[in-house]
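Read through the structure below, which is laid out as structure tokens, and then see the notes.
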Amino acid sequence: MKKITRIWHGVVNAEKADEYLKYVEETGVLHYKNTPGNLSTKILRKKDQEICHFFTVTEWDSYESIRKFAGDDYEKAKYYPEDKRFLLEFEENVNHYETFEY
């Protein structure tokens, strides 16, 4: 079965990493998991001195399901109101990959 993997990247101050993780769990992760067609949700985190990189990696059954989460312009990153308290930059787009499991 072919899946679509959606990857978003964000950067926060390392001192806010735990607080941001909790925030993402309460916003984005909850929204992902409640969108029909979402097959899995993972958060990757890597602290690098004073900053911390976050990647959300989600798997979907179709691009149509991704649109239910992200809207018609599904290649644009989706942000939440309080993201401005944490994020050091706002990447405009996310990446999508056809994903094959064997």
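So the values come out like this:
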| read-out | value |
| --- | --- |
| Inter-residue pairs, beta-carbon under 7 Å, first more than 19 Å from Lys78 (Cα to Cα) and free of Cβ contacts under 8 Å to residues at least 40 places away in the same chain and in the stretch 34-55, second surrounded by 10 or more Cβ atoms within 10 Å (Cβ to Cβ) and not hydrophobic (A, V, I, L, M, F, W, C), 6+ apart | Lys46/His53; Glu50/Asn13 |
| Residue list for the stretch 52-70, restricted to those being charged (D, E, K, R) and either farther than 23 Å from Met1 by Cβ or not in a strand (DSSP E or B) (or both) | Asp61, Glu64, Arg67, Lys68 |
| Among the candidates Tyr97, Tyr74, Tyr79, residue that is in a strand (DSSP E or B) and out of contact with any Cys (no Cβ under 6 Å at 6 or more places or on another chain) | Tyr97 |
| Test for Gly10: is it over 14 Å from the mean Cα position of the chain (by Cα) and surrounded by 16 or more Cβ atoms within 10 Å (Cβ to Cβ) | no |
| Complete set of residues in the stretch 1-51 that are under 24 Å from Ser62 (Cβ atoms), β-branched (Val, Ile, Thr) and in a strand (DSSP E or B) | Ile4, Thr5, Ile7, Thr41, Ile43 |
| Boolean, Lys16 is among the basic types (Lys, Arg), over 21 Å from Asn95 (Cα atoms) and surrounded by fewer than 17 Cβ atoms within 10 Å (Cβ to Cβ) | yes |
| Count - residues of the stretch 1-60 that are within 15 Å of Thr99 (Cα to Cα) and either among the hydrophobic types (A, V, I, L, M, F, W, C) or out of contact with any strand residue (DSSP E or B) (no Cβ under 8 Å at 6 or more places or on another chain) (or both) | 6 |
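Quick note: the coordinates plus some simple rules give every number you see, no bench work behind them. Since the structure is predicted, the reported quantities are computational estimates derived from the model, not experimental observations. Counting neighbours? That spans all protein chains shown, and the Cβs are built from the backbone with ideal geometry, glycine included.
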